[in-house]
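Visitor: Could you have a look at this structure, given as structure tokens, before my questions?
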DNA sequence: TGCCAGGCCCTCTTTAGGGCCTT
């Protein structure tokens with residue numbers, strides 16, 4: 001039996017909504033998920049020199065003093081890039097984290113090459129009955145464990161990994177897709193929502209004939 | 001001075017508007 005390639009589930013805490021407006025990362029966490037299990041973890045605060053607004057400190061608990069004592073961002077990002085290696089990546093609302101991944105790597109003179117899949121898009125397709133697809137709410141809706149303090153990078157990355165593991169399990173057990181790796185996740189998240197059931201059935205049948 | 005993210009997705013839509021999701 002072949003093993004699925006590990007997927008790197010990432011979460012950033014930042015000073016704002018987008019690097020396009022000058023926001024910088026304050027903390028990064030990445031967990032490697034393989035065959036439904038977290039097999040490795042990476043977490044670090046990072047120092048960029050950017051000021052953390054008070055409301056962000058209230059949200060995350062990360063203070064200016066905490067990041068002042070953290071290693072420089074370019075060192076952290078080099079280490080993060082080594083940790084991820086050639087793995088594909090997943091985040092909860094990947095449009096947010098993928099931009100910070102690319103921007104913070106660029107500050108360290110590293111080009112981002114990884115693909116991203118998004119657990120928000122996947123959750124909306126697989127669990128349309130959920131009232132909310134925010135990370136905390138969908139984790140509660142599915143009865144998954146809380147991993148620690150919400151809005152800290154490692155806890156949120158672990159919860160997103162639990163969600164991803166559940167998505168992969170449901171793709172196998174409910175939809176009959178034997179190896180729901182990154183390519184399947186990427187295809188499903190791009191599928192128009194009204195066509196999701198048809199896409200899943202076709203993918204199951206294609207997999208069964210291979 | 002005025003502006004201030006942006007992609008997804010639903011609907012009382014498509015010549016548009018607004019909520020969701022991330023910090």
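The values are calculated or read from the model by the stated rules, or taken from the named source; none is laboratory data. For clarity, every value in this text was computed on a predicted model and none was experimentally measured. Because the Cβ atoms are built from the backbone with ideal geometry, glycine has one as well, and the counts that use them run over all protein chains shown.
Visitor: Return only the number of the condition from (1) surrounded by fewer than 13 Cβ atoms within 10 Å (Cβ to Cβ); (2) under 17 Å from residue A:106 (Cβ atoms); (3) free of Cβ contacts under 8 Å to residues at least 60 places away in the same chain that residue A:48 does not satisfy.
Guide: (1)
Visitor: Of the residues A:120, A:39, A:67, A:76, only one is free of Cβ contacts under 8 Å to residues at least 60 places away in the same chain and over 16 Å from residue A:154 (Cα atoms); which?
Guide: Working: A:39 fails: over 16 Å from residue A:154 (Cα atoms); A:67 fails: over 16 Å from residue A:154 (Cα atoms); A:76 fails: over 16 Å from residue A:154 (Cα atoms).
Among A:120, A:39, A:67, A:76, only A:120 is free of Cβ contacts under 8 Å to residues at least 60 places away in the same chain and over 16 Å from residue A:154 (Cα atoms).
Visitor: Related question: Being touching a helix residue (DSSP H, G or I) at 6+ places or on another chain (Cβ under 7 Å), within 23 Å of residue A:5 (Cα to Cα), at pLDDT below 95 and crowded, with 22+ Cβ neighbours inside 10 Å is the requirement here; does residue A:122 meet it? Even if it seems obvious, please write down each step before you answer.
Guide: Working: touching a helix residue (DSSP H, G or I) at 6+ places or on another chain (Cβ under 7 Å): yes; within 23 Å of residue A:5 (Cα to Cα): yes; at pLDDT below 95: no; crowded, with 22+ Cβ neighbours inside 10 Å: yes.
The answer is no for residue A:122.
Visitor: Return the residue satisfying two criteria in turn: it lies in segment A:177-190 and is at pLDDT 90 or above and part of a loop (DSSP other than H, G, I, E, B), and of such residues it is farthest from residue A:36 (Cα to Cα). Talk me through it step by step, then tell me what you get.
Guide: Initial filter on segment A:177-190 (at pLDDT 90 or above): A:177, A:180-190.
Adding the requirement that they be part of a loop (DSSP other than H, G, I, E, B) leaves A:177, A:180-181.
Details: A:177: 15, A:180: 11, A:181: 11 Å.
Among those residues, the one meeting the criterion is A:177.
Visitor: Going through segment A:191-210 one residue at a time, which ones are surrounded by 14 or more Cβ atoms within 10 Å (Cβ to Cβ) and either within 13 Å of DNA strand B (Cβ to nearest atom) or modelled with pLDDT of 90 or more (or both)?
Guide: Result: A:191, A:196, A:199, A:200.
Visitor: Can you pull out the residues in segment A:23-44 that are farther than 24 Å from residue A:185 by Cα, more than 10 Å from DNA strand B (Cβ to nearest atom) and surrounded by fewer than 22 Cβ atoms within 10 Å (Cβ to Cβ)? If you could, list the steps in order and put the result at the bottom.
Guide: We begin by selecting, within segment A:23-44, every residue farther than 24 Å from residue A:185 by Cα; these are A:23-27, A:43-44.
The next check asks that each one be more than 10 Å from DNA strand B (Cβ to nearest atom); those that pass are A:24, A:43-44.
Scanning segment A:23-44 gives A:43, A:44.
Visitor: Out of all the residues in segment A:3-16, is one or more over 27 Å from residue A:144 (Cα atoms) and out of contact with any strand residue (DSSP E or B) (no Cβ under 8 Å at 6 or more places or on another chain)? Give the derivation first.
Guide: Start the filter on segment A:3-16 by keeping residues that are over 27 Å from residue A:144 (Cα atoms), which leaves A:15-16.
Retained after the next criterion (residues that are out of contact with any strand residue (DSSP E or B) (no Cβ under 8 Å at 6 or more places or on another chain)): A:16.
Scanning segment A:3-16, I find at least one residue that is over 27 Å from residue A:144 (Cα atoms) and out of contact with any strand residue (DSSP E or B) (no Cβ under 8 Å at 6 or more places or on another chain), so the answer is yes.
Visitor: Separate question: Spot the failing condition for residue A:98; the list is (1) under 16 Å from residue A:156 (Cβ atoms); (2) crowded, with 19+ Cβ neighbours inside 10 Å; (3) within 14 Å of DNA strand B (Cβ to nearest atom); (4) touching a residue at least 40 places away in the same chain (Cβ under 8 Å), and only one is missed.
Guide: (4)
Visitor: Another question, if that's okay. Please state which of the following conditions residue A:114 fails to meet, knowing it meets all the rest: (1) surrounded by 18 or more Cβ atoms within 10 Å (Cβ to Cβ); (2) more than 16 Å from DNA strand B (Cβ to nearest atom); (3) modelled with pLDDT of 95 or more.
Guide: (3)
Visitor: Of the numbered conditions (1) over 25 Å from residue A:138 (Cα atoms); (2) touching a helix residue (DSSP H, G or I) at 6+ places or on another chain (Cβ under 6 Å); (3) near DNA strand B (Cβ under 10 Å from one of its atoms); (4) in contact (Cβ under 8 Å) with a residue 60 or more places away in the chain, residue A:20 fails exactly one; give the number of that condition.
Guide: The failed condition is (2).
Visitor: Additional query: Residue A:162 versus (1) under 18 Å from residue A:185 (Cα atoms); (2) within 15 Å of DNA strand B (Cβ to nearest atom); (3) without any contact (Cβ under 8 Å) to a residue 60 or more places away in the chain; (4) in a loop (DSSP other than H, G, I, E, B): which is the lone unmet condition?
Guide: Failing condition for residue A:162: (4).
Visitor: For segment A:128-156, which positions are assigned to a loop (DSSP other than H, G, I, E, B), under 26 Å from residue A:26 (Cβ atoms) and near DNA strand B (Cβ under 10 Å from one of its atoms)?
Guide: Pass one, segment A:128-156, residues assigned to a loop (DSSP other than H, G, I, E, B): A:128-134, A:142-152.
Cutting the leftovers down to under 26 Å from residue A:26 (Cβ atoms) gives us A:132-134, A:144-152.
Selection gives A:132, A:133, A:134, A:150, A:151, A:152.
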